[in-house]
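Report on the structure given below.
Bear in mind these aren't lab numbers, they're just calculated from the coordinates by the rules spelled out. Everything quoted here is computed from the prediction, not taken from an experiment. Note that we place each Cβ from the backbone using ideal geometry, even for glycine, and neighbour counts take in every protein chain shown.
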Amino acid sequence: MKRYIIRTTVLSFALVSLLGACKEQLDVKNPNQPTPASASTESGVIGLAQGSVYINGFRDGIKYSDGIPGYFWTGAVGFHELMADVVGEEAANVYGNQIGMPDVVTLDDGSKVLNPSAINTQIALIRTINTNANAGANPLFYEWGYMYNLNNSMNNVIDIANSTTFSNDASGVKKNTVLAWAYWWKGFAYSRIGSMYYAGIINDKTAATNANYVAKEKIIDEATKNLDKAAALLTTIGTDANYTATLTALIPTFNQVGKGLPPTTDMWKRSINTLKARNILVNTTTAAMTAAQWGQILTLTNDGVKSTDNIFTGRSTENADFISAVNGSMAAKSTGTPGTVTYKISERLIQDFPAGDKRLANNFTQLAAPSLFNSDRGNSFNTRWQLVSGGKGIAGTVVLSNLTVGAYELTLASTYEENELMKAEAKIYTGDIAGGLASIDAVRTFQGAGLAPLSGLDLAAAKEELRKERRVGLVFRGLSFYDARRWEVITKGRTGAVVVDKAGKVNTNATITYNFLDYWDVPDNELAYNPAASGSAPVKNPK
């Protein structure tokens, strides 16, 4: 099958190395590797910009990999979903069976199941395994590695685009479209770094770095700066033929399906607003949110992604050019009988579906008997549920997984459902409960949940509906850990939880004490080679 990602210029990490190489190395003309000369053309820089995102940023761009968790969308994102108790994992690869293991599970009869690792807490685990000597077995490395490779690749794209002549582009639309692309993905990368790590590095230079670590808040500020640059360029561009042709060339053809069709400039700016709103929401505990912050979120989400907007998505191909149909997404790696898949569906996810929700009926099957796993890893990922491929045929209801090539739509960044639920939360917390409930209803209608409209709820009940809806309506999108952190579930725990114990008994009123680290330390894989300079912010979370 034809490969659509442009391979002659995708490997910008190789180009970064070449830029620092000697002249003799630059004279070697390997047609399968990029060079400054090959990238400094209109088609070359567009190919470089495309591959730098889909290959370098999300697939092959880092030093280490592990076939069990997989690439970015199943590995780095998988750690999020494990710590959010959306899925569980039995495999020991990259400590997957421990990184999401709660400290204590208190069963209905009051008996306690402690974290069975020798260290007994996730925080102690992280402090023990975050060493450069662990190489690819350090779970803290993956998101950092992918996102900084994405950022550095976009620095390269910006430099080359600014020195490239684009044909029939007197008004600069083609060039500015490529630059907007680069700043958008830099903003995305900084958003993820600042939302996960206690400190980070701001770097706008190609083939270089620095040792000036700054606090996570400064990283989010840098995300905003880059997203605003992208939005400003899109405002000047407008949606004309040159813009559409350039963006169409930047997005792999196989991703241009469904919601993945190239967005107009206005649609793209709405995706930017939604991502900016996310950065405010997920990096502040709900208890600490101010009226001004809720106001910012409302302003941004009122001009955020609409239900009819095109957004950035990914699809599988037969050759797995970007992702594989059978293991390239969290949904895919969670689909099938629990004993045969990497990620097991959490009982706590299932209990968050409202009664009568067609999304549950269409996508999950309850097993005749619970699937039980190694008791030496605790009981938290025993489950009675499996996710099915392709849904069960309920018309108009969202399908959460599909192992057919090209059928599953992986959302990469902002979505309508996320935007609407952020709007709902801001309304609920600022006194407009009815307005917030209407937004929750809108998401349920959009996904075909088949539920009656919400009405007449008090504040506590409205918050609970919102909590559940974010869990099930945004499942597998890598947002649930952010929610567990800001709602303080990772520190205060969860009560009334459904847990299947090692004997297969279903507990319906268990208490789970997670005690997870809220922001990860800077990976030692970075610090070992790039120690913090004098005056840097702390690189280790004091918790």
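Within straight-line reach of Lys502, meaning a Cα separation under 17 Å, sit the following aspartates and glutamates at least 8 residues removed in sequence or on another chain: Glu89, Glu90, Asp103, Asp108, Asp109, Glu347, Asp376. Hey, what angle do you get for helix 291-302 against the long axis of the chain, alpha-carbon based, 0 to 90 degrees rounded to 10? The angle comes out near 70 degrees. Taking 19 Å as the straight-line reach from the Cα of Lys427, the aspartates and glutamates in range (excluding those fewer than 8 positions away in the same chain) are Asp303, Glu417, Glu418, Asp441, Asp458, Glu464, Glu465, Glu469, Asp483.
Using Cβ point charges alone (K and R +1, D and E -1), the dipole size of the range 159-284 about the Cα centre works out to roughly 280 debye. Here the range 323-341 is scanned for amide nitrogen atoms under 12 Å from the site 7 Å beyond the Cα of Thr365 along Cα-to-Cβ, giving 336-338.
Take the alpha carbon gyration tensor of the range 161-303, find the square roots of its eigenvalues, order them as a ≥ b ≥ c, and report rounded if a/c is under 1.5; if not, report prolate when a/b exceeds b/c, else oblate. Before the final figure, lay out the partial values.
Values: a/c = 2.24, a/b = 1.44, b/c = 1.56.
Oblate.
Taking a straight Cα-Cα cut-off under 21 Å and skipping sequence neighbours fewer than 8 places away in the same chain, the lysines within cross-link reach of Lys218 are Lys186, Lys205, Lys229, Lys276, Lys540, Lys543.
Grab the DSSP H runs of the chain that are 4 residues or longer, score each as -39,500 (n - 2.57), total them, divide by all residues and round the 222 nm result to the nearest 500 deg cm²/dmol.
Numbers: 21 runs with 220 residues, N = 543.
Computed ellipticity for the chain at 222 nm equals -12000 deg cm²/dmol.
Shown here are the Rg and Dmax of the Cα trace of the range 149-214, at 13.8, 46 Å.
Please report Tyr190, Tyr146 as a ranked list, fewest other C-beta atoms within 10 angstrom at the top and most at the bottom. Intermediate values should be presented prior to the final figure.
Details: Tyr190 29, Tyr146 25.
In increasing order of surrounding Cβ atoms, one gets Tyr146, Tyr190.
Here the label points at Thr430 and Ala452, each 7 Å from Cα along the C-beta direction, are separated by 3.1 nm in the simple model. Of the labelled options (1) 30.4; (2) 42.8; (3) 24.9, which one gives mean projected area of the Cα convex hull in nm² as computed for this structure? The value matching this structure is (3). On the beta carbon distance between Ser40 and Ala288, with R0 = 60 Å, the FRET formula returns roughly 0.80.
Tell me whether the range 230-276 comes out rounded, prolate or oblate; compute the Cα gyration tensor, take square roots of the eigenvalues as a ≥ b ≥ c, and use a/c under 1.5 as the rounded threshold. The shape class here is oblate. Between the listed residues Thr165, Ala76, Pro453, the Cα displaced farthest toward the positive end of the dipole of the chain, a dipole computed from Cβ unit charges relative to the Cα centre, is found at Thr165.
Compactness of the range 354-487, taken as the C-alpha radius of gyration over 2.2 N^0.38 Å, stands at 1.16. How high is the FRET efficiency from Ala461 to Lys392, r the C-beta distance, R0 45 Å, rounded to 0.05? The calculated FRET efficiency here is 0.90.
Note on the range 229-331: the C-alpha convex hull projects to 8.5 nm² when averaged across all orientations.
Can you tell me the FRET efficiency between Ala91 and Ser167 if r is taken as the Cβ-Cβ distance and R0 is 45 Å, rounded to the nearest 0.05? Working from the Cβ atoms, E equals 0.35.
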